[in-house]
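Here's the structure, in structure tokens; my notes come after.
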Amino acid sequence: MNIFLRISRRIFWIICRAFPVKTNKIVFQSYYGRGYSDNPKYIAEELRKCGKDINFVWVTNGREDPVVPEDFKVVRFRGFRYIYEMSTAKIWVDNSRKEYCMKKKNQHYMQTWHGGFTLKKVERAVESELDANYVKQAKRDASQTDVMLSNCNALTKVYREDFWYSGEILQQGLPRNDRLFNFSDKEVGQIRNNLGIDNDVRLLLYAPTFRKKLGLEAYSIDYERCCKALEKRFGGSWKIMLRLHPNIFAKADNINFDSRYVVNASHYPDIQDLYIISEFLITDYSSVIFDFALLKRRALFYADDISNYMDDRGFYFSLFDFPFKVCQNNEELEERILNFDDEKYFEELNVFLREQNFSDKGVASKAATEWIFTHMD
């Protein structure tokens, strides 16, 4: 970043401290302005239902259209207008670490985070491997945070131990997961129509995470073989929706897919919609599997680089300690699908969800908005 621009922005932050806070203003941000999505979106939607006089501000990166409701003001991340809105808002809602921001004493910051039940070690647990500037930013972010949202014991524990955070944790579920408890057959049909998928096609969602080098080599699933195994085991006609991680989803456009078996859903704005139209999910090391599990549907791990990835990132849990079977090549994937034991899987899944005290019940957005209202006076 241009050093003159950086200095100018910091000076403007100081200037904006003189402007009064507007008690009805809330600034929402998701993935540094990447879109209208994740927990902040669902909190905003719940607040809109309340009918109160709220000044909604959504942050965009200027490249991707957030497609926000008409009553929202949209400002560009890092811009001077962004600084003004942040400086005069009563509440900040974000799902990622904030860069340089100066919170006033009468402002409140809700950090929703963008993960969930966490496999991969994060933040302080891998501090030595993180960029020094990010660590500084993360610690500053934690010091300004007033509340974090959680949906299970494991996530709360990670916040306490590895997020440099000792404040309030609201373990009432994750707002984005409310969608998994509140949808209709009509909505399922609309989502399928938006993706150009016939209603009689059964769907598996493949949603792997990214690798450090941002390559595609690890995504080695044989889509045709997988679909044929699904059809043999469960019947019907199947397709796979590919959803690459936001850090690399642009690369999905450069992959040649066989449209008989694969739908590129990487650019679809809300992964929760993809969950509710899918009967099966496959991922590698992503926490998406734990959100999807709330639907009580089938899921597997597929990862052909387990040893390398574990050495690189480190895990809080072994991949083999969950109800989700692990496949390390296409032969194992085919075998796991053909011999999928529904009775054993769902029994183990229910035990896991109980043991980890998953609190999602479809009302997390309401709990978050109640917290916000108590801090807007």
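Taking label points 7 Å from Cα along the Cα-to-Cβ direction, residue 346 and residue 307 give a separation of 3.8 nm.
Kirkwood hydrodynamic radius of segment 74-178, from the reciprocal of the average inverse Cα-Cα distance over all distinct pairs: 14.6 Å. The modelled label-to-label distance for the pair residue 268/residue 65, using points 7 Å beyond Cα in the direction of Cβ, is 2.0 nm.
Using only C-alpha positions, report the orientation-averaged shadow area of the convex hull of segment 307-377, nm², one decimal. Directional mean of the projected Cα hull area for segment 307-377 stands at 8.0 nm². Across 178, 284, 222, mean-square fluctuation computed from a Gaussian network of the chain (C-alpha pairs under 10 Å connected) peaks at 222. Rolling a 1.4 angstrom probe over the protein heavy atoms with all chains in place gives the chain an accessible area of 46 Å² per residue. The Cα center of segment 324-372 and the Cα center of segment 5-75 differ in position by 33 Å. Hydrodynamic radius of segment 173-242 by the Kirkwood approach over all distinct alpha-carbon pairs: 14.6 Å.
Placing R0 at 25 angstrom, the Cβ-Cβ distance between residue 14 and residue 161 gives a FRET efficiency of 0.15 after rounding to 0.05. Across the chain, counting alpha-carbon atoms alone, Rg and Dmax equal 21.3, 67 Å.
A probe of 1.4 angstrom, applied to the heavy atoms of all protein chains, finds residue 259 with accessible area near 80 square angstrom.
Distance between the pseudo-spin-label points of residue 181 and residue 23 (7 Å out from Cα toward the beta carbon): 3.1 nm. Considering only 113, 205, 57, whose Cα is most displaced toward the positive end of the charge dipole of the chain, charges sitting on Cβ of Lys, Arg (+1) and Asp, Glu (-1)? The residue sitting farthest along the positive end of the dipole is 57. Accessible surface for residue 202 stands near 60 Å², nearest 10, in the context of the full protein assembly shown (1.4 Å probe). Accessible surface of the chain, 1.4 Å probe: 48 percent of it comes from carbon and sulfur atoms. Dividing the Cα radius of gyration of segment 139-278 by 2.2 N^0.38 Å, with N the residue count, gives 1.29. Within the listed set 150, 266, 128, the Gaussian network model of the chain (springs between alpha-carbon atoms below 10 Å) gives the highest mean-square fluctuation for 128. Estimated from helical segments only, the mean residue ellipticity of the chain at 222 nm is -10500 deg cm²/dmol, where each DSSP H run of four or more residues counts as -39500 (n - 2.57).
The values are calculated or read from the model by the stated rules, or taken from the named source; none is laboratory data. Here the structure is a predicted model, which means the values were calculated and not measured. When we count neighbours, we look across all protein chains shown, and the Cβ atoms used for this are built from the backbone with ideal geometry, even at glycine. The protein model used for the area step is the full one, side chains on, heavy atoms only, and it has no ligands, DNA or RNA in it. Shrake-Rupley method; radii C 1.70, N 1.55, O 1.52, S 1.80 Å.
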